[in-house]
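The values are calculated or read from the model by the stated rules, or taken from the named source; none is laboratory data. This is a predicted model, so every value here is computed, not measured. Neighbour counts run over all protein chains shown; Cβ positions are idealised from the backbone, glycine included. We work out accessible area using only protein heavy atoms, side chains counted, and drop any ligands, DNA or RNA first. Shrake-Rupley method; radii C 1.70, N 1.55, O 1.52, S 1.80 Å.
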Amino acid sequence: MINFAFPYAFLLLLCPLIIRYGLPPLKGMHGDALKIPFLADLQKIALKSGGVWGYNLGKSSSNIKLFILYALYICLVFAAARPQWLGEPLPLRAQSRDIMMIMDISNSMLEPDFAIGRQRINRLIAAKKTASDFLDKRANDRVGLILFGTRAYLQAPLTYDKASVKDILWNMDAGMAGNSTSIGDALGLALKNLKSENNDKVIILLTDGENNDGSLSMQDAISLAEDENVKIYTIGVGSETAFIDSIFGMQIGIARSSGLDEQGLKDLAEISKGRYFRAKDTQSLQKIYNEIDKLEPSLNQEQFVRETKELFYLPLLGALFFLFILLIGERKND
């Protein structure tokens, strides 16, 4: 596709016409030009000598010279308009968010208090599904994954390869990182991996418990978050109802404490200018990820870049060609 960077330059094409028809004729120092009675004799001499530039002379030679001057001027105007060739639009990946997902995989995540349809599932499967759906919406962002239990492990550094992150997500299982919960250590590891990045940084922390292990306490984690320019969204998962199988094959719900440190998660989100969410079932967990997706829209959606090649040298070459013709003509005339 051909485009002109400065299309208004084409207005310069009107300048010769304005000068020709808009301005009065130029007169010499002594009035009008002197009429030469023997002009016809000069024309006969020009015809015998081959004429100016070797062309058949009179008015034709002046017309040719004028035509070449106009062509040269038009080429210069086209060059001033900066013609460009534009390639196909390509998605711009110069800006993005860095999102570190932190997921609790302690044994308590195997509690079957979530459901899809009428089928009861554990918290971990619900977290895997909703997190995987969230990843599908973040095509332009870099995403990392930290799994934690007794210890915290960086399973996927920040990457655009969402398929690999999803494979790790679906292949992990509860208890792989230990049975206790080290929220502080997991958050410290996430902040360490985000520290050197310049993009907008976001952490999504999902847990169903309280910080009961590791070298960093919950208060230490809150202090770390306060010093870093990272927005943290915390998600507390787990129902306040436990389901057990009765002797008749039916499940009975029993009220119980969630064991979740909600106040600590709220403080962590508030100090980092994020938000705390509570997920008691699969639907609410899905809504939470949808809400985070709206709160943190992709920075480069609908932004594209095109390859640009400058073509101004082509009309300049044309102008040089016509200038060369003029110089040759003048030399012959001499």
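Residues to consider are S182, S223, S164; find the one that is closer than 23 Å to E270 by Cα and open to solvent by 10 Å² or more (accessible area, probe 1.4 Å).
Values: S182 fails: open to solvent by 10 Å² or more (accessible area, probe 1.4 Å); S164 fails: closer than 23 Å to E270 by Cα.
The conditions single out S223.
The condition of being modelled with pLDDT of 85 or more, of a type outside the set (G, A, S), out of contact with any Phe, Trp or Tyr (no Cβ under 6 Å at 6 or more places or on another chain) and open to solvent by 30 Å² or more (accessible area, probe 1.4 Å) holds for L76.
Checked against the criterion of being free of Cβ contacts under 8 Å to residues at least 12 places away in the same chain, closer than 18 Å to V237 by Cα and out of contact with any Ser or Thr (no Cβ under 7 Å at 6 or more places or on another chain), the candidates I102, I125 yield just one match: I125. Scanning region 104-121 turns up no residue that is over 30 Å from R306 (Cβ atoms), surrounded by 14 or more Cβ atoms within 10 Å (Cβ to Cβ), of a type in the set (G, A, S) and in contact with a Leu (Cβ under 7 Å, 6 or more places away or on another chain). Scanning region 260-281 for residues that are closer than 18 Å to S106 by Cα and assigned to a strand (DSSP E or B) yields a single hit, A279.
Every condition in (1) small (G, A, S); (2) in a loop (DSSP other than H, G, I, E, B); (3) more than 23 Å from D200 (Cβ to Cβ) holds for A126 except the one numbered (2).
Against the numbered list (1) surrounded by 10 or more Cβ atoms within 10 Å (Cβ to Cβ); (2) at pLDDT below 80; (3) more than 30 Å from V305 (Cβ to Cβ), L90 comes up short only at (3).
Q155 satisfies every condition listed in (1) open to solvent by 50 Å² or more (accessible area, probe 1.4 Å); (2) within 22 Å of E291 (Cα to Cα); (3) at pLDDT 90 or above except (2).
Of all residues in region 291-334, those satisfying the criterion of being at pLDDT below 80, closer than 28 Å to A79 by Cβ and not acidic (D, E) are F304, V305, R306, G329, R331, K332, N333. Evaluating G58 against the criteria (1) touching a Cys at 6+ places or on another chain (Cβ under 9 Å); (2) of a type outside the set (D, E); (3) modelled with pLDDT under 50 leaves one unmet condition, (1). For region 19-27, the criterion of a residue being under 45 Å from the mean Cα position of the chain (by Cα), at pLDDT below 85 and exposed (fewer than 11 other Cβ atoms within 10 Å of the Cβ) is satisfied by no position. If you go through region 134-152 and keep only what is open to solvent by less than 50 Å² (accessible area, probe 1.4 Å) and not small (G, A, S), you end up with F134, L135, R138, N140, D141, R142, V143, L145, I146, L147, F148, T150.
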